[in-house]
Amino acid sequence: MTAAVSGGDPHRIGHSQGHGGAASGRGEGGPAPNRIVVGYGFWLFLLSDIVMFSGFFAAYAVLAGQTAGGPTGRQIFDLNTVALETACLLASSFTCGLAILAVGARMKLKFYAAMATTFVFGAVFLGLELHEFAGLIARGDGPQRSAFLSAFFALVGCHGLHVTAGLLWLLTMMAQVFAKGFRRDVLNRMLCFSLFWHALDIIWVALFTVVYLIGGAA
Amino acid sequence: MSEHGADQHGVHDLAPGDEELDGSGVAQGLRGYLLGLALAVGLTAASFYFAHSPLVWAPAVATALIVLAIAQMGVHLVFFLHITTGPDNTNNVLALAFGVLIVFLIMAGSLWIMANLSHHTPGMDQLMRMQR
């Protein structure tokens, strides 16, 4: 019987002797670095945000057929607009990745350029979405028209609000890099921002598939 | 971005979103993002194409689209969020797995119970007839 086991702790927490265990995360070597704590905490927030979205998705899936004599998805969805929105969000996700590469290489000018491009793509996406909403409401097909449209506006609008918040955050990050430079805490915030922005794109993938493509075909 | 989070022993965790680049950091990272972008564009184009295409049997379209969407989410997770199966990502993957479980329970549970309720609830016309 080894000393570690007789000590009552088979994982030998806090006593990393380099025993070659590939799996970490048992508290070896003391608390995790700040960046991991921040990133992991934000990852948990994002996952709970996705769980919240799944509630809206479930409501939409249940109510998609309840049109109360109003228009169906096939009648109101314009797939060309949706394709353009999807392209914008995917491109902005890519340029957000470029911004992270620029952060890693500490290249300020490229960072600003990539972030500005990300902002433009995100803003175009938001403009297209607001244009779609305004058109529907002007035709009397607002969220009060039917359960289907209530669920539609709640789900897509919630994603749009997230994108709006993301755009504000993006500007904040550019200002922080401008004012404070690539400081350690600014780098951690950039990590969280990129996670947030990529997660929004993942939710949009589910959204255009379930709402527009499947909902538009029904 | 391997300068973050590496402890002195070499055995360490990675924050979600952080990527372990060896050698030519930026070029390697760029290659990953470009590959992810190409895969995502391809899967998105396939989704939009198969939604209204005679190539897929109509009742199977929804399933095909969901499969394509899950594949694209996987591409985003791997190439954009840098979630890997490596030992430095164990915690991130486990949290993701738990999130996916909850999402599945909420979606499948809601659809199941609501379909069941609607199946066992008489329609409005039937209720009217019963009142006469």
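Each value in this text was obtained by applying a stated rule to the coordinates, not by laboratory testing. Values in this document were obtained by computation on a predicted structure and should not be read as measured data. When we count neighbours, we look across all protein chains shown, and the Cβ atoms used for this are built from the backbone with ideal geometry, even at glycine.
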Checklist entry - Under the Karplus relation 6.51 cos²θ - 1.76 cosθ + 1.60, θ = phi - 60°, what is the ordered set of whole-Hz ³J(HN,Hα) values for the range B:110-120, x standing for Gly and Pro? => result 4, 4, 4, 5, 6, 5, 5, 4, 5, 5, 9
Checklist entry - Applying 1/(1 + (r/R0)^6) with R0 = 41 Å to the Cβ-Cβ distance of residue B:30 and residue A:144, what FRET efficiency is obtained, to the nearest 0.05? => result 0.30
Checklist outcome for this item: On the formula 1/(1 + (r/R0)^6), with r taken between the Cβ atoms of residue A:131 and residue A:37 and R0 of 51 Å, the FRET efficiency rounded to 0.05 is 0.80
Item to check | Lys, Arg +1 and Asp, Glu -1 on Cβ, resulting dipole of chain B about Cα centre, debye, nearest 20 | outcome: 1060 debye
Checklist outcome for this item: Reduced to Cα centres, the span from the range B:42-75 to the range A:77-92 in Å works out to 16 Å
Item to check | Fewest-first sequence of A:192, A:158, A:96 by Cβ atoms within 10 Å of each Cβ | outcome: A:158, A:192, A:96
Checklist outcome for this item: Within the under-13-Å Cβ sphere about residue A:157, not counting residue A:157, Lys/Arg +1 and Asp/Glu -1 give a net charge of -2
Item to check | the range A:42-74 versus the range A:142-196: alpha-carbon centroid distance in Å | outcome: 19 Å
Next on the checklist: Taking 56 Å as R0, compute the FRET efficiency from the Cβ-Cβ separation of residue B:113 and residue A:112 and round it to 0.05.
Outcome noted: 0.65
Item to check | Along each principal axis, Cα extent of chain B, largest first, Å | outcome: 81, 37, 16
Checklist entry - From the residues B:16, B:131, B:26, which one has its Cα farthest along the dipole of chain B in the positive direction, the dipole being from +1 and -1 charges on Cβ of Lys/Arg and Asp/Glu about the Cα centre? => result B:131
Item to check | Cα-based Rg of chain A normalised by 2.2 N^0.38 Å, two decimals | outcome: 1.33
Checklist entry - What percent do you get for the relative contact order of chain B when only Cα pairs under 8 Å and 6+ apart count? => result 26 percent
